[in-house]
Amino acid sequence: MLISIVAPCYNEEDAVERFHQEVQKVADELLPLGHDMEFVYVDDGSRDRTLAVLRHLADLDPRVRYVSFSRNFGKEAALLAGLRHASGDSVIVMDADLQHPPALIRRMVELREQGHDQVIARRSRTGDRLTRTLTARLYYRLVNRLVDVELVDGVGDFRLLSRRVVDAVLALTEYNRFSKGLFAWVGFPSTTFEYENAVREAGRSSWNLRGLLNYGLDGLLSFNNRPLRAALWLGMGLLLCAGLYTAWIVGAALANGVQTPGYVTIITAVTALAGVQMVMLGVIGEYTGRIYYEVKGRPHFLVKATNVERAKDLIP
């Protein structure tokens, strides 16, 4: 069985060579068991020497295949490129910074041989800050009440996929991709095991608070239209409240006559309704923006350099 290791890279010149050494060791252990391995690295428009390191690795190891983007298109595009260029019977997606321990590859392969199409590694939150742990749990509890698929806390991109799962994911051509949700959406028999998250080998993470918030918003909006439905129900509720308030004002005027006081009530009501309208316009705008990008039909990424010989792979 051929196993493809797909590793997106962004400014990983200090870690990717060490990562390759570790996965090479695992490949040597699996070879006597009848498992060959290839390594697919995707340079997501790095600004350092990541591409030069990948070229050097390709010169040393004929199993290395690399794809370099013309600019930074994001991790979702890098994952898609890696899956497109992987030719293995099974594909393992992992980060090149060694936070996904290569030693777990053998366990994944063993679970794959038991008939599971997806072998998912779920990291524990041991060592995380309390605020981050609580925020993550709150996010997943909220999202799972809204989205059409189940997202599990601690489950990310580190997983083994069978060829039929890879083909199913590649058949989903949407522009706004949220791979964690797509992997859950395609289904197929899956199993999960837990591992302790490792310390980043080198460099700094490209994720910041803004990026994490946007990523979380993508997960919320990519698999449901319930925010739009909530806007409809909220609008109907406000209309009902306005009708009741109007009836109360008319009744009070008939009973006690017209009174001047009411300035604060009017200003409060106008301000609150304006805020609700802006929020609803924002929700509608998010969905409209996604439709806009889907209709444009632009490629998910552009390739600047690659050692992949198949011409059809050069075009996204």
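The values are calculated or read from the model by the stated rules, or taken from the named source; none is laboratory data. Predicted, not measured: the structure shown is a model, and the values here were computed from it. Ideal geometry is used to build each Cβ from the backbone, glycine not excepted, and the neighbour counts take in all protein chains shown. For accessibility, only protein heavy atoms count, side chains too; no ligands or nucleic acids. Shrake-Rupley method; radii C 1.70, N 1.55, O 1.52, S 1.80 Å.
In the range 1-14, which residue that is open to solvent by 10 Å² or more (accessible area, probe 1.4 Å) and assigned to a strand (DSSP E or B) is nearest to LEU54 (Cα to Cα)?
PRO8
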Unmet criterion (only one of (1) open to solvent by 30 Å² or more (accessible area, probe 1.4 Å); (2) without any contact (Cβ under 8 Å) to a residue 60 or more places away in the chain) for THR192: (2)
In the set GLU29, GLU17, the lone residue that is open to solvent by 50 Å² or more (accessible area, probe 1.4 Å) and either free of Cβ contacts under 8 Å to residues at least 60 places away in the same chain or in contact with an Asp or Glu (Cβ under 8 Å, 6 or more places away or on another chain) (or both) is GLU17
Looking at (1) more than 27 Å from ARG123 (Cα to Cα); (2) open to solvent by less than 30 Å² (accessible area, probe 1.4 Å); (3) polar (S, T, N, Q), which is the one condition that is false for SER70? (2)
What tally of residues in the range 281-311 results from selecting those that are open to solvent by 80 Å² or more (accessible area, probe 1.4 Å) and free of Cβ contacts under 8 Å to residues at least 40 places away in the same chain? 6
Among the residues listed as ARG123, ARG159, the single one being open to solvent by less than 30 Å² (accessible area, probe 1.4 Å) and at pLDDT 70 or above: ARG159
